[in-house]
Amino acid sequence: MPRKRPRLRLDPKSYRRLRQSVLERDQWRCQSCGSAAGLEVHHMISKGRLGDDVETNLITLCGDCHRKIHQSGEARKSIGIPHKALGC
């Protein structure tokens, strides 16, 4: 059985700085609907799937869009997250 690689996980202070950086990069807007209310930072590859705490794995979503993506399990394309926001 292959061993899991350790994921990059930041301490709380470093994660707060990273979160702030992601919000600034995304111009304080939900990258799905454009809202500026109730913003959250979403791991595109979840921590449970070894997603790292790195800027390229995080995106800004409003609470409603964040909930939708977790409830439906849909891929980022299905809720309209533009690739440019992901640095692709």
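The values are calculated or read from the model by the stated rules, or taken from the named source; none is laboratory data. Remember, it's a predicted structure, so these values are computed and weren't measured experimentally. Counting neighbours? That spans all protein chains shown, and the Cβs are built from the backbone with ideal geometry, glycine included.
Cβ-Cβ distances below 6 Å connect the following pairs, each with a first residue in the stretch 19-31 that is more than 7 Å from Thr60 (Cβ to Cβ), a second residue that is surrounded by 15 or more Cβ atoms within 10 Å (Cβ to Cβ), and a separation of six or more residues or different chains: Arg19/Val41. Among the residues of the stretch 44-58, just one is touching a helix residue (DSSP H, G or I) at 6+ places or on another chain (Cβ under 6 Å) and either of a type in the set (Val, Ile, Thr) or free of Cβ contacts under 8 Å to residues at least 24 places away in the same chain (or both), namely Ile45. Annotation for the stretch 49-60: no member residue is more than 14 Å from the chain's Cα centre (by Cα), surrounded by 12 or more Cβ atoms within 10 Å (Cβ to Cβ) and at pLDDT below 95.
If you take the residues of the stretch 61-76 that are in a helix (DSSP H, G or I) and touching a helix residue (DSSP H, G or I) at 6+ places or on another chain (Cβ under 9 Å), which of them is modelled with the lowest pLDDT?
Our first condition is that a residue be in a helix (DSSP H, G or I); within the stretch 61-76, this holds for 63-72, 76.
If we keep only those that are touching a helix residue (DSSP H, G or I) at 6+ places or on another chain (Cβ under 9 Å) too, we end up with 65, 68-69, 72, 76.
Values: Cys65: 95, Lys68: 93, Ile69: 90, Ser72: 79, Arg76: 48.
Residue satisfying both the conditions and the ranking: Arg76.
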